[in-house]
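A.B. asks: Handing you this structure, nothing more for now.
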Amino acid sequence: MAPTGDSDHYKPKDALHAGIYSGLVMGGGGLFAAAVKTSLERTNVGSWAVFTKNGGIVATFAAVGGAYEFSRIAAANLREKDDHYNAAIGGFIAGSILGVRTGRMPRIVGYGALTAVVLAAYEYTGGSLRGKRKDPEVDEFARKEMLRKNRRRPMEETIAEVGEGRSIRPPGYEERRRARLKEKYGFDVNPVSADPDKA
């Protein structure tokens with residue numbers, strides 16, 4: 001679930017600055033999309049057709065990005081909570097702007113509702129395609145050490161479940177192996193060492 005903050009811990013953010021910045025970034029994306037659309041025209045339309053013919057794409061991208069970010073942060077500031085409902089409010093306004101290009105009220109409401117549901121669900125499930133965000137308050141090294149200690153098992157327990165051999169050689173393994181071989185086959189095994197000092 002998305003992080004929820006109480007009114008005591010919420011710090012207000014500058015909605016106007018975030019909205020303008022997001023509008024400029026999304027406007028740049030819209031300019032790129034309009035340039036691609038212009039370059040794929042069959043006739044020679046000229047370089048200014050990005051603005052004259054496909055300028056609506058740039059304006060729509062900028063308006064959607066700016067309105068979403070501004071309304072999301074403004075809702076968070078008014079509610080004094082940073083949760084998925086803010087993304088739903090911003091998504092509804094941004095989706096409504098997408099629907100305004102069609103000029104029909106049912107589509108305006110429908111686009112707004114669809115965008116609100118998708119963005120709220122995305123924010124509710126962690127706001128990342130890689131899964132839930134890690135807590136920024138917890139040190140990553142300390143978290144990994146805690147996980148290692150939490151899953152660490154004593155060597156005796158591992159040997160009791162897996163058994164000796166197959167590269168698992170606890171202390172006294174060679175003596176127990178010699179005793180098993182002597183009991184089963186009736187001969188002593190003298191290990192040969194390549195170390196000249198032990199010979």
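Bear in mind that the values in this text are calculations on the coordinates, not laboratory data. Values in this document were obtained by computation on a predicted structure and should not be read as measured data. Note: ideal-geometry Cβ built from the backbone for every residue, glycine included; neighbour counts use all protein chains shown.
A.B. asks: Over all alpha-carbon pairs in the chain, figure out the percentage whose distance exceeds 28 Å. Write out the running numbers ahead of the final one.
C.D. replies: Working: 11319 of 19701 pairs.
When every Cα pair of the chain is considered, 57 percent fall beyond 28 Å.
A.B. asks: Can I ask one more? Can you list the chymotrypsin sites (Phe, Trp or Tyr not before Pro) in region 1-101 that are in a DSSP coil and have 13 or fewer other beta carbons within 10 angstrom?
C.D. replies: Loop-located and lightly packed - Trp48.
A.B. asks: If you take every residue apart from Val36 with its C-beta less than 15 Å away from the C-beta of Val36, what net charge results, scoring Lys and Arg +1 and Asp and Glu -1?
C.D. replies: +2
A.B. asks: Taking the beta-carbon count within 10 Å as an exposure proxy, list Glu80, Glu175 from fewest neighbours to most.
C.D. replies: Numbers: Glu80 14, Glu175 9.
Result, fewest neighbours first: Glu175, Glu80.
A.B. asks: Shifting gears a bit: In square nanometres, what is one fourth of the surface area of the convex hull spanned by the alpha carbons of region 15-124? If you can, show how the numbers build up before the last one.
C.D. replies: Details: hull surface 30.4 nm².
With the hull built on Cα positions only, its mean projection is 7.6 nm².
A.B. asks: A follow-up question, please. Net charge near Arg143: determine it from the other residues with C-beta under 9 Å of the C-beta of Arg143, scoring Lys and Arg +1 and Asp and Glu -1.
C.D. replies: Values: positive: Lys134, Lys144; negative: Asp135, Asp139, Glu140, Glu145.
Result for the neighbourhood of Arg143: -2.
A.B. asks: Using θ = phi - 60° and the Karplus relation 6.51 cos²θ - 1.76 cosθ + 1.60, list the HN-Hα couplings for region 26-38 in order, rounded to whole Hz, with x at every Gly or Pro.
C.D. replies: 3J(HN,Hα) across region 26-38, in whole Hz: 5, x, x, x, x, 5, 5, 4, 5, 5, 5, 4, 5.
A.B. asks: Identify which of Ile168, Ile20, Ile93 has the largest mean-square fluctuation in a Gaussian network model of the chain, with springs joining Cα atoms closer than 10 Å.
C.D. replies: Ile168
A.B. asks: Along the charge dipole of the chain, Cβ charges K/R +1 and D/E -1, which of Asn44, Tyr10, Gly126 sits furthest on the positive end?
C.D. replies: Asn44
A.B. asks: Most exposed first by the Cβ proxy, i.e. fewest other Cβ within 10 Å, how do Arg79, Arg176 rank?
C.D. replies: In order of increasing Cβ crowding within 10 Å: Arg176, Arg79.
A.B. asks: What ranking do Arg143, Arg177 get, fewest neighbouring Cβ atoms within 10 angstrom at the top? If you can, show how the numbers build up before the last one.
C.D. replies: On the way: Arg143 12, Arg177 15.
With the fewest neighbours first, Arg143, Arg177 line up as Arg143, Arg177.
A.B. asks: Can you compute the charge dipole magnitude of the chain about its Cα centre, using +1 on each Lys and Arg Cβ and -1 on each Asp and Glu Cβ, nothing else charged? Give it in debye, rounded to the nearest 20.
C.D. replies: On the way: 31 positive and 24 negative charges, 152 e Å.
My answer is approximately 720 debye.
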